[in-house]
Amino acid sequence: MDLEKRAIAGDEQALLELLTRHEETLYRTAFAYLKNEHDAIEAVQELTYRALKKIHSVKEPAYIATWLVRIIINICLDVKKKQEKFIYNHDVEIASTDQQPFEMADIIASLPTEQQELIYLKYFQDMKNADIAQFKQIPEGTVKSRLHTTLKRLRVLIEKEEL
């Protein structure tokens, strides 16, 4: 906890040590969203910059890891929005699943952003429902019902891919 307090107080070395400690989790989160090593590395670099600028705004040292994950998710969502602006809608015929096996990441990517985030937090970050509720600042019951709805939708999408 001392390291977190030093980082919040402006000790850049303490912040860099915290970033190193959480680097793998942050990179995995970025890679899960962006599906590209180069973009994931850039997202982590952007995280470092943003964390250095805003570390003083963290109110509770115990939640620095959660704060960092929130920043990396926001960065990834920004990157995805920028990428979508450059994609043109042409009449492209999508290959059927008989020719190409479906990938779970592609199916998850077809979900709305909020549902994607729930899946990543629950199953890629191994967060408990209570932690997700605190992270998203919503009741735990809401997390449970949204996860239930998301998993139901995911099952439907998987079944469509398997046909």
| said: Taking the solvent-accessible surface of protein heavy atoms with a 1.4 Å probe, what is the per residue accessible area of the range 122-163 in Å²? | reply: 71
| query | So what's the angle, to the nearest 10 degrees on a 0 to 90 scale, between helix 12-21 and the longest Cα principal axis of the chain? | reply | 40
| said: Under 25 °C and 0.890 mPa s, how fast does the range 111-153 diffuse according to Stokes-Einstein, given a Kirkwood radius computed over C-alpha pairs? Answer in µm²/s, whole number. | reply: 244
| For Lys35, what is the net charge nearby, where nearby means another residue's Cβ is under 11 Å from its Cβ and Lys, Arg count +1, Asp, Glu -1? | -3
| field | Charge sum, other residues only, whose C-beta stays under 14 Å from Gln13's C-beta, Lys/Arg counted +1 and Asp/Glu -1 | value | -2
| message | Return the equivalent ellipsoid semi-axes of the chain as a descending list in whole Å, where each equals the square root of 5 times an eigenvalue of the C-alpha gyration tensor. | response | 33, 20, 12
| query | Counting only the backbone N, which residues of the range 131-161 are under 17 Å from the spot 7 Å out from the Cα of Ala65 toward its beta-carbon? | reply | 131-136
| said: Working only with C-alpha atoms, what are the Rg and Dmax values of the range 12-79, expressed in angstrom? | reply: 11.2, 33
| task | Rounded to the nearest 10 degrees, what's the angle between the helix 23-34 long axis and the longest principal axis of the chain, both from Cα atoms, 0 to 90? | result | 30
| message | List the pairs from Lys54/Lys122; Lys54/Lys144; Lys122/Lys144; Lys35/Lys136 whose alpha-carbon separation is above 20 Å, in the order I gave them. | response | Lys54/Lys122; Lys54/Lys144; Lys35/Lys136
| request: At a temperature of 10 °C and a viscosity of 1.306 mPa s, determine how fast the range 1-51 diffuses translationally according to Stokes-Einstein, using the Kirkwood radius over alpha-carbon pairs as Rh; express D in µm²/s, rounded to the nearest whole number. | output: 139
| message | With a 1.4 Å probe and all protein chains left in place, how much of the accessible area of the range 17-90 comes from carbon and sulfur atoms, in whole percent? | response | 53
| Once the Cα atoms of helix 64-85 and of the chain are each reduced to a long axis, what angle between those two axes, in degrees from 0 to 90 to the nearest 10, is obtained? | 40
| said: Just to confirm, what accessible area per residue do you get for the range 1-69 at 1.4 Å probe, in whole Å²? | reply: 59
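The values are calculated or read from the model by the stated rules, or taken from the named source; none is laboratory data. Worth saying up front: this structure is predicted, and the values here are computed from it rather than measured. For neighbour counting, all protein chains shown are included, and Cβ atoms are generated from backbone atoms with ideal geometry for every residue, glycine included. Each accessible area value is taken on the protein alone, full model and side chains, heavy atoms only, with ligands, DNA and RNA left out. Shrake-Rupley method; radii C 1.70, N 1.55, O 1.52, S 1.80 Å.
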